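A.B. asks: Dropping a structure here in structure tokens format, bear with me for questions.
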Amino acid sequence: METLRTERISKRLQLAMLVIVLSIVFISVPLIVSSYQNYLKNAEALKEIQMLKMVADLTNQISRERAPANSAMSSHWLQREQKMIELAEYRQGVDQQYQDTLAVLKEAGFVPIAQQLESNLYPYLLQGRKTVDQYLALPTQQREAEKLDHAILAMFQAWDQSYIVLQKLVNHSHGKDTRVSNYYTLILLLAELRDQAGRVASNIMAAVSFQQEIPEQNLARSLQTQRQTRYLWELINVVQSEHDKTPEFKQLHHAVRTEFLDKGLPIIDDLAQKRLQHQRYHMDGTQLTDAMVDKFVTVVELQSYILDYSLKVAAEERREARNKLIFTLFLSLVSLLTAVLTMFYAKKWVFEPLIRARYQLFKLARHRQVDQTVIEKSKLDYLSLFDAIQHIESMLQQRDAFESQLKHIANTDSLTD
């Protein structure tokens, strides 16, 4: 009977251990899963930011190709050959970056984006280049402002397609709900800022090159791009979180205003005013391109900084998520091991000795024939350790009383006198 009682106590102890272990598991598993999902999300965000940076760099190179193209188309015949060589070299760099971007996108699993580049962007880029080359092949006497403007617009369309690809990449991103989500928006804004800033001069390039009055539609486009550039510059400062407005960001953002907005755009306004007053332009198309490129550097530097900083933040977020996952796994494992070891320790060094003590006490109690009126045999299997102690205590009290009676008899018996 006593053996069965001991076995039941052991089973109850094991059940209690199982409940504690399962409780820790039920608490730990959701934390581990949540940490793992957060790590995957941040890792995906980092990869997407890297792909965004590559595509943004490609769109920037396509936008920048307008500068050597405009210089070649607006240059004098003495400069033309050198400008065409520079244009050909720049195109080779763009083509190489295009191929590299395609390869990386496909390798990283962004196949639809790569296909979008192949099916939409590159054909428009080739068409724009073809239009530029057709203009460059024209004899000087056959060149007109309208034809030059048409070639410039063809290059605009190539960039428009690259920006569509960039937007598609952002729209299909999975890490937009992470801390780096605002950089998805910033990358789009900066890409558009850089292109709109470049279009400011391109919109009046044809008229300046031919010393003609700026057409109303070109003037309207130029004014629109100026307003868009100022708006994007202000919006970037709003989107950038206060925590990430580093001294370098503030300096570069301020430089765009002082150098490009305050010094570069007035060049365009001055040219427009001169023509409205029927005055001759004080520079030609090549000089206009060179003058705006110097002011345009600040926009490029701001964009490069934001792209690099976004990668740094995304990498830091992934590292923090990884460390949190490792800490969660470690803490859960330690908690589980601690609970298991504690229960095994308690079973071996606390409960089992108590069970053995109970068994020995009941064995002693039965050996000493504890009064069955106090302990019914049918209930021995359900008595606790404290019951056993009480029984032994009762037996000891009976023994003390019996010894006391013996001493009293010994002291009072006449035979012992």
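The values are calculated or read from the model by the stated rules, or taken from the named source; none is laboratory data. Every value quoted in this text rests on a predicted model; they were computed, and no experiment measured them. Note that we place each Cβ from the backbone using ideal geometry, even for glycine, and neighbour counts take in every protein chain shown. The accessibility values were calculated without ligands, DNA or RNA, using every heavy atom of the protein model including side chains. Shrake-Rupley method; radii C 1.70, N 1.55, O 1.52, S 1.80 Å.
A.B. asks: Tell me yes or no: at least one residue of region 296-305 is open to solvent by 10 Å² or more (accessible area, probe 1.4 Å), more than 30 Å from residue 213 (Cα to Cα) and in contact (Cβ under 8 Å) with a residue 60 or more places away in the chain.
C.D. replies: yes
A.B. asks: Which residue, of 93, 109, 128, is within 32 Å of the chain's Cα centre (by Cα) and modelled with pLDDT of 90 or more?
C.D. replies: Sole residue among the options that is within 32 Å of the chain's Cα centre (by Cα) and modelled with pLDDT of 90 or more: 93.
A.B. asks: Take the residues in region 165-174 that are in contact with a helix residue (DSSP H, G or I) (Cβ under 7 Å, 6 or more places away or on another chain) and part of a helix (DSSP H, G or I); name whichever of them is nearest to residue 60 (Cα to Cα).
C.D. replies: The residue in question is 166.
A.B. asks: Considering 191, 220, which residue is modelled with pLDDT under 90, open to solvent by less than 10 Å² (accessible area, probe 1.4 Å) and not aromatic (Phe, Trp, Tyr)?
C.D. replies: 191
A.B. asks: Answer yes or no: is there a residue in region 35-45 that is surrounded by fewer than 20 Cβ atoms within 10 Å (Cβ to Cβ), more than 30 Å from residue 181 (Cα to Cα) and of a type in the set (A, V, I, L, M, F, W, C).
C.D. replies: No, region 35-45 contains no residue that is surrounded by fewer than 20 Cβ atoms within 10 Å (Cβ to Cβ), more than 30 Å from residue 181 (Cα to Cα) and of a type in the set (A, V, I, L, M, F, W, C).
A.B. asks: Go through region 257-269 and give me each residue that's open to solvent by 20 Å² or more (accessible area, probe 1.4 Å) and within 40 Å of the chain's Cα centre (by Cα).
C.D. replies: Across region 257-269, the qualifying residues are 257, 258, 259, 262, 263, 266.
A.B. asks: Look through 170, 239 and report the one residue that is within 20 Å of residue 300 (Cα to Cα) and out of contact with any His (no Cβ under 8 Å at 6 or more places or on another chain).
C.D. replies: Among 170, 239, only 239 is within 20 Å of residue 300 (Cα to Cα) and out of contact with any His (no Cβ under 8 Å at 6 or more places or on another chain).
A.B. asks: List pairs: first residue in region 245-263 and touching a residue at least 60 places away in the same chain (Cβ under 8 Å), second residue among the charged types (D, E, K, R) anywhere in the structure, Cβ distance under 8 angstrom, at least six positions apart or on different chains.
C.D. replies: Final answer for the pair search is 260/295.
A.B. asks: Among the helices (runs of 4 or more DSSP H) contained in region 64-154, which hold 1 or more residues that are of a type in the set (Phe, Trp, Tyr) and over 25 Å from residue 52 (Cα atoms)?
C.D. replies: By residue number, 77-107, 122-136.
A.B. asks: Taking the condition of being open to solvent by less than 100 Å² (accessible area, probe 1.4 Å) and of a type outside the set (A, V, I, L, M), how many residues in region 323-342 meet it?
C.D. replies: Final tally of qualifying residues: 6.
A.B. asks: A further question on this structure: Identify all residues within region 266-278 that are farther than 15 Å from residue 218 by Cα and hydrophobic (A, V, I, L, M, F, W, C); write none if there are none.
C.D. replies: Selection gives 267 alone.
A.B. asks: Being within 30 Å of residue 287 (Cβ to Cβ) and in contact (Cβ under 8 Å) with a residue 24 or more places away in the chain narrows it down to one of 56, 43, so name that one.
C.D. replies: Matching residue, one of 56, 43: 56.
A.B. asks: Ok, one more. Just one of 160, 133 is farther than 26 Å from residue 256 by Cβ and out of contact with any Ser or Thr (no Cβ under 7 Å at 6 or more places or on another chain); which is it?
C.D. replies: 133
A.B. asks: Checking residue 91 against (1) more than 23 Å from residue 285 (Cα to Cα); (2) open to solvent by 20 Å² or more (accessible area, probe 1.4 Å), only one condition comes out false. Which one?
C.D. replies: (1)
A.B. asks: Check region 240-256 and report whether any residue there is within 27 Å of residue 69 (Cβ to Cβ), at pLDDT 90 or above and crowded, with 20+ Cβ neighbours inside 10 Å.
C.D. replies: yes
A.B. asks: Please verify whether region 394-410 includes one or more residues that are at pLDDT below 70, open to solvent by less than 80 Å² (accessible area, probe 1.4 Å) and either over 56 Å from the mean Cα position of the chain (by Cα) or charged (D, E, K, R) (or both).
C.D. replies: No, because not a single residue in region 394-410 is at pLDDT below 70, open to solvent by less than 80 Å² (accessible area, probe 1.4 Å) and either over 56 Å from the mean Cα position of the chain (by Cα) or charged (D, E, K, R) (or both).
A.B. asks: From the residues in region 270-290 that are open to solvent by 60 Å² or more (accessible area, probe 1.4 Å) and among the acidic types (Asp, Glu), which one is nearest to the chain's Cα centre (by Cα)?
C.D. replies: That would be 290.
A.B. asks: Suppose we filter 16, 67 for residues that are surrounded by 15 or more Cβ atoms within 10 Å (Cβ to Cβ), at pLDDT below 90, out of contact with any strand residue (DSSP E or B) (no Cβ under 8 Å at 6 or more places or on another chain) and not basic (Lys, Arg); which single one remains?
C.D. replies: 67
A.B. asks: Looking at region 140-166, which of its residues are farther than 26 Å from residue 187 by Cβ and open to solvent by less than 50 Å² (accessible area, probe 1.4 Å)?
C.D. replies: Result: 143, 145, 148, 149, 151.
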